[in-house]
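Here the structure is laid out as structure tokens; the discussion comes afterwards.
Only the coordinates and a few stated rules stand behind these numbers; no lab work does. These numbers come from a predicted model, not from an experiment. As a convention, Cβ positions derive from the backbone with ideal geometry for all residues, glycine included, and neighbour counts pool all protein chains shown.
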Amino acid sequence: MNDTTISNPLDKLPEILKRDLDEYLCSCNCVVKMDIIEAIANGATTLDAVKRQTYAADGNGCCSRQVEELIEHICAP
Ligand code: FES
């Protein structure tokens, strides 16, 4: 499941989710959105995997839904 790299993750996102790529999606842990997108594209296809790799949504998890939304789009067939 984690052995596939998605080479064009931005192409899978709707325009609204392509904004603010270099700003914090996870402001609790200072993780920029593009780092999360790259982690997903490189195989972190679950919320837990994204947490482990980037620390986004770790802790109180207030951005979990936004991270899940990125996963859903990027991992969609
Ligand atoms: S903004 Fe990511 S855990 Fe709060």
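For the chain, evaluate the Debye formula with one uniform point scatterer on each Cα (no solvent term) and list log10 I(q)/I(0) at q = 0.18 Å⁻¹, rounded to two decimals. Reported log10 I(q)/I(0), two decimals: -0.61.
When only Cα pairs under 8 Å and 6 or more residues apart are kept, what is the percent relative contact order across the chain?
Relative contact order of the chain: 34 percent.
In this structure, the amide hydrogen of Leu25, modeled 1.01 Å from its nitrogen in the peptide plane, lies closer than 5 angstrom to those of Val31, Val32, Lys33, counting only residues at least 5 positions away or on a different chain.
Between Arg19 and Glu68, the modelled label-to-label distance comes to 2.3 nm, taking each label 7 Å out from Cα in the direction of the beta carbon. The phi torsions of segment 48-65, fed into the Karplus equation with coefficients 6.51, -1.76 and 1.60 and a -60° offset, translate into couplings of 4, 5, 5, 4, 5, 7, 10, 6, 4, 6, 7, x, 7, x, 5, 9, 3, 5 Hz, rounded to whole numbers, with Gly and Pro shown as x.
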